[in-house]
Amino acid sequence: MILILEDSITKLADDKTTSTNNGTKKESTLEEHYLNNITEITRDIEKIDTSTSAVPKISYKNIYIETLNSDIFTLIRPIPVGIEYDGEVYIANNYDLELYGYSEIETEAINDLRKSILEFYEDLKDENNLGVFLERKVKYCKEIIREV
């Protein structure tokens with residue numbers, strides 16, 4: 001937006017003549033010049049307003065889940081889950097594990113996250129040669145998940 005306005009202001013300073021019907025140039029009055037450029041700036045701003053109205057508004061909330069909906073594993077304590085909605089898809093994520101689930105329905109996004117947590121934990125809980133990053137994640141899982 002600033003670049004468009006700068007271009008329009010530059011036109012104010014540089015373009016002080018206008019063409020007549022017979023092709024000759026005449027000096028425009030300062031008032032005419034300002035009015036023409038203000039009209040151009042207004043059109044540019046309207047274009048910007050129209051283009052930014054299409055940007056979806058993302059809603060965000062935090063919840064805690066208390067269960068993994070599993071017969072094998074249970075949560076020792078509730079874990080935080082961030083829920084984002086962009087107008088089409090819900091994304092449920094746990095920042096501590098850096099895992100997420102998504103769906104067009106909020107509860108399904110949360111269930112998809114639960115599934116991701118379970119798969120992550122089941123795949124890595126017994127691994128011994130993990131890097132530091134994954135080792136921390138598995139350690140966190142062992143602090144919050146218990147086998148039933």
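Nothing in this text is a laboratory measurement; each read-out follows from the coordinates by a stated rule. Note that the structure is predicted; figures quoted are calculated from it, not measured. We place every Cβ from the backbone using ideal geometry, glycine too, and count neighbours over all the protein chains shown.
Among I63, I72, I79, which comes first, then next, by fewest other beta-carbon atoms within 10 Å?
Values: I63 14, I72 10, I79 21.
So the ranking, lowest neighbour count to highest, is I72, I63, I79.
What does the extension gain come out to for E31 and V89, with contour length at 0.36 nm per residue minus their alpha carbon separation? If you can, show how the numbers build up before the last one.
Details: separation 58, 0.36 × 58 = 20.88 nm, distance 5.16 nm.
Value of the extension gain: 15.7 nm.
Could you list I91, I117 so that the one with the fewest beta carbons within 10 Å of its beta carbon is first and the one with the most is last? Kindly include the intermediate steps, with their values, before the conclusion.
Numbers: I91 19, I117 25.
The most exposed by this proxy come first: I91, I117.
Place a point 7 Å from the Cα of E147 along the Cα-to-Cβ direction; which residues of segment 58-88 have their backbone N under 19 Å from it?
68-77
Enumerate the calculated ³J(HN,Hα) couplings along segment 76-89 in order (Karplus 6.51 cos²θ - 1.76 cosθ + 1.60, θ = phi - 60°), each rounded to whole Hz, writing x wherever the residue is Gly or Pro.
6, 9, x, 10, x, 9, x, 10, 10, 9, 9, x, 10, 10
At a Förster radius of 41 Å, what calculated FRET efficiency corresponds to the Cβ-Cβ distance of E98 and R43, to the nearest 0.05? Intermediate values should be presented prior to the final figure.
On the way: r = 46 Å, r/R0 = 1.11.
Efficiency, from the Cβ-Cβ distance: 0.35.
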